[in-house]
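The values are calculated or read from the model by the stated rules, or taken from the named source; none is laboratory data. Since we're looking at a predicted model, the values are computed, not measured. No Cβ is skipped: glycine too gets one built from the backbone with ideal geometry, and neighbour counts run over all protein chains shown.
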Amino acid sequence: MRLKNPATGELGAEIAEDDAASVRRAYERARAAQPGWAATPLEARLAAVARFRDLITARKTELARTLTNETGKPIAQAKNELSAMPGRIDFFLAKTASVLADETVEDDGKLVEVIAHEPLGVIANISAWNYPWFVGSNVFVPALLTGNCVIYKPSEHATATGWAIEALLHDAGVPKDVFVAVVGGGAVGAAVVDQPVDGVFFTGSYATGRRIAERVAPRMIRLQLELGGKDPTYVTDDVDVVLAAKSLADGAMYNVGQSCCSVERLYVERSVEAPFLDALVEEVESFTIGDPTDDATYIGPLAREDQLAVLDAQVADAVQKGGRVLTGGKRLDRPGFYYAPTVIAGATNDMRLMREESFGPVIGVSAVADDDEAVLRMNDTDYGLTAGVYARDRKRAERILSRVSAGSVYINACDRVSPRLPWTGRKHSGIGSTLSTYGIRAFLQPKAWHKK
């Protein structure tokens with residue numbers, strides 16, 4: 001397997017992929033190791049993960065460089081991802097013991113009823129490239145802490161980061177058979193899913209998630225899918241349009257728009273549409289485009305070359321249907337997978353730009369008459385990951401968002417994830433939850449004790 005450098009388009013080093021036989025061996029190692037890991041005192045598991053956290057901090061600079069070189073993520077943003085890791089891990093370290101604790105629900109002196117919690121067993125974790133540290137650790141950290149073993153397949157676009165994660169966990173004291181990384185493309189992922197694991201946890205596109213769901217359905221195992229989004233935000237008529245535009249430009253363009261929770265649809269109350277668009281375009285055009293290894297770069301290349309054609313098609317469709325390109329709208333004339341930050345006004349919900357996940361630095365803006373029309377347009381989607389409202393009146397924003405079908409909602413904020421809150425999708429955005437105590441319980445199964 002050979003991948004291209006997103007910043008230059010040049011082919012990188014050749015990587016040997018796993019195959020069905022090596023994936024099977026990885027599974028067998030994890031299965032044999034799981035009872036011993038589950039029997040390891042929780043304090044020892046917590047200590048190993050705490051050492052992993054500390055190693056990330058100590059090696060942040062080199063880890064960020066690896067992430068930037070293989071995905072094109074601007075180095076400042078790669079460092080941001082790694083800097084936020086300790087806080088996420090600390091949440092799991094603080095909460096796992098209480099989630100694992102037995103719960104006595106009845107004790108009348110004659111009968112004691114207790115709910116205990118046991119690990120699922122062996123987990124398949126098929127992860128993503130856009131935030132490989134975040135989305136991977138959301139799964140493997142609570143899985144390991146609760147006594148599960150993990151077969152980890154990083155995205156082929158973040159293979160070196162996947163190897164780094166495995167090495168740091170082993171250096172921290174997680175046994176080599178407890179966390180096993182396998183690398184490669186879709187065929188390797190399919191081989192992992194086909195093992196007799198006890199749970200499959202996938203982050204990626206709806207299309208792949210659906211195929212995985214169909215593949216594992218007859219086995220009746222735990223399945224969690226963190227899929228895409230077409231995340232809308234509504235700007236009301238009472239906001240400071242400049243502040244809102246600055247925040248939403250960042251929400252749409254950070255990591256070159258390659259996030260499931262990037263703002264991808266904007267609905268603006270008609271009376272403030274013109275000044276909002278002026279402020280949005282000004283902010284977008286101020287972003288520094290350049291070499292992702294430069295600390296000053298905000299917009300780097302896309303991680304995947306094939307996404308350039310997706311963005312070309314969405315922009316062409318929008319223009320054909322009456323959309324107006326206010327800035328950008330094309331590939332940049334330079335080596336690598338660069339696309340100009342793009343704002344399209346006059347967007348309508350029949351455009352591909354407003355229906356299909358973009359995963360790039362493009363945003364469509366549509367004027368609406370009032371809150372009711374905004375809710376109607378926001379809900380007109382196959383996805384249900386995040387949604388937001390910018391308004392001075394918080395009660396008004398709460399009323400609007402209470403009518404929007406989304407797993408996470410934001411008032412005067414966007415593109416934010418907290419370890420204390422569940423990260424969950426509706427409809428084509430997936431099933432199950434990571435993060436919060438829900439994201440710990442996801443790796444446990446209850447056992448009901450009747451003690452007479």
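Restricting to the stretch 257-276, count the residues that are in a helix (DSSP H, G or I) and within 30 Å of D306 (Cβ to Cβ).
Matching residues across the stretch 257-276 total 1.
Are any residues in the stretch 148-171 among the polar types (S, T, N, Q) and more than 18 Å from V200 (Cα to Cα), and if so, which ones?
Answer for the stretch 148-171, where residues must be among the polar types (S, T, N, Q) and more than 18 Å from V200 (Cα to Cα): T159, T161.
So which of V174, V139 is of a type in the set (A, V, I, L, M, F, W, C), in the same structural domain as S205 (by TED's automatic domain parsing) and touching a helix residue (DSSP H, G or I) at 6+ places or on another chain (Cβ under 6 Å)?
Exactly one residue qualifies, and that residue is V174.
Got a number for residues in the stretch 263-286 being out of contact with any helix residue (DSSP H, G or I) (no Cβ under 6 Å at 6 or more places or on another chain) and not aliphatic (A, V, I, L, M)?
9
Any residue that is among the charged types (D, E, K, R), assigned to a loop (DSSP other than H, G, I, E, B) and surrounded by 19 or more Cβ atoms within 10 Å (Cβ to Cβ) - is there at least one of those in the stretch 74-81?
Checked against the condition, which is being among the charged types (D, E, K, R), assigned to a loop (DSSP other than H, G, I, E, B) and surrounded by 19 or more Cβ atoms within 10 Å (Cβ to Cβ), the stretch 74-81 yields no hits at all.
Name the single residue that is nearest to G439 (Cα to Cα) among those in the stretch 109-128 being surrounded by fewer than 24 Cβ atoms within 10 Å (Cβ to Cβ) and of a type in the set (A, V, I, L, M, F, W, C).
Checking each candidate, the answer is L120.
Please note which strands (runs of 3 or more DSSP E) are completely contained in the stretch 148-218 and include at least 2 residues that are aliphatic (A, V, I, L, M).
By residue number, 149-153, 179-181.
Would you confirm, using the coordinates I've provided, whether E356 is assigned by TED's automatic domain parsing to the domain that holds E283, assigned to a loop (DSSP other than H, G, I, E, B) and modelled with pLDDT of 95 or more?
Against the criterion (assigned by TED's automatic domain parsing to the domain that holds E283, assigned to a loop (DSSP other than H, G, I, E, B) and modelled with pLDDT of 95 or more), E356 qualifies.
Conditions tested, residue by residue: (1) buried (at least 16 other Cβ atoms within 10 Å of the Cβ); (2) under 24 Å from N69 (Cβ atoms); (3) more than 19 Å from the chain's Cα centre (by Cα).
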{"site": "E166", "(1), (2), (3)": "yes, yes, yes"}
{"site": "L169", "(1), (2), (3)": "yes, yes, yes"}
{"site": "F179", "(1), (2), (3)": "yes, yes, yes"}
{"site": "G189", "(1), (2), (3)": "yes, yes, no"}
{"site": "D194", "(1), (2), (3)": "yes, no, yes"}
{"site": "G204", "(1), (2), (3)": "yes, yes, no"}
{"site": "G209", "(1), (2), (3)": "yes, no, no"}
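Check the stretch 131-142 and report whether any residue there is among the polar types (S, T, N, Q) and in a helix (DSSP H, G or I).
Yes, the stretch 131-142 contains at least one residue that is among the polar types (S, T, N, Q) and in a helix (DSSP H, G or I).
How do the pairs read when you match residues in the stretch 276-291 that are modelled with pLDDT of 95 or more with residues anywhere that are in a helix (DSSP H, G or I) and β-branched (V, I, T), using Cβ under 7 Å and keeping only pairs 6 or more apart or on different chains?
Within 7 Å, the pairs are F276/V241; A279/V241; A279/V242.
May I ask you to verify whether T66 is under 26 Å from the mean Cα position of the chain (by Cα), among the polar types (S, T, N, Q) and surrounded by 13 or more Cβ atoms within 10 Å (Cβ to Cβ)?
For T66, the condition - under 26 Å from the mean Cα position of the chain (by Cα), among the polar types (S, T, N, Q) and surrounded by 13 or more Cβ atoms within 10 Å (Cβ to Cβ) - is met.
What number of residues within the stretch 429-451 are over 14 Å from the mean Cα position of the chain (by Cα) and either of a type in the set (A, V, I, L, M, F, W, C) or assigned to a loop (DSSP other than H, G, I, E, B) (or both)?
Qualifying residue count for the region: 8.
Could you say which residue among I115, I56, I89 is under 30 Å from E305 (Cβ atoms) and either part of a loop (DSSP other than H, G, I, E, B) or of a type in the set (A, V, I, L, M, F, W, C) (or both)?
Residue meeting the stated conditions: I56.
Looking at M378 and the list (1) crowded, with 22+ Cβ neighbours inside 10 Å; (2) outside any helix (DSSP H, G or I); (3) not small (G, A, S), which single condition is not satisfied?
(2)
Which condition breaks for I344 when tested against (1) without any contact (Cβ under 8 Å) to a residue 40 or more places away in the chain; (2) out of contact with any Gly (no Cβ under 6 Å at 6 or more places or on another chain); (3) closer than 13 Å to A252 by Cβ; (4) hydrophobic (A, V, I, L, M, F, W, C)?
(2)
Keeping to the stretch 219-256, report how many residues are in a helix (DSSP H, G or I), over 22 Å from the mean Cα position of the chain (by Cα) and surrounded by 24 or more Cβ atoms within 10 Å (Cβ to Cβ).
Residues flagged as in a helix (DSSP H, G or I), over 22 Å from the mean Cα position of the chain (by Cα) and surrounded by 24 or more Cβ atoms within 10 Å (Cβ to Cβ) within the stretch 219-256 amount to 1.
For T104, indicate whether it is touching a Leu at 6+ places or on another chain (Cβ under 6 Å), modelled with pLDDT of 95 or more and of a type in the set (S, T, N, Q).
It is false that T104 is touching a Leu at 6+ places or on another chain (Cβ under 6 Å), modelled with pLDDT of 95 or more and of a type in the set (S, T, N, Q).
Could you list, ordered by first residue, the pairs with Cβ atoms under 7 Å in which the first is in the stretch 310-327 and closer than 15 Å to D350 by Cα and outside any helix (DSSP H, G or I) and the second is at pLDDT 95 or above and hydroxyl-bearing (S, T, Y), at least 6 apart or interchain?
That search, which allows pairs on different chains as well, returns K321/T348.
Of all residues in the stretch 347-374, which are among the polar types (S, T, N, Q) and without any contact (Cβ under 8 Å) to a residue 60 or more places away in the chain?
Across the stretch 347-374, the qualifying residues are T348, N349.
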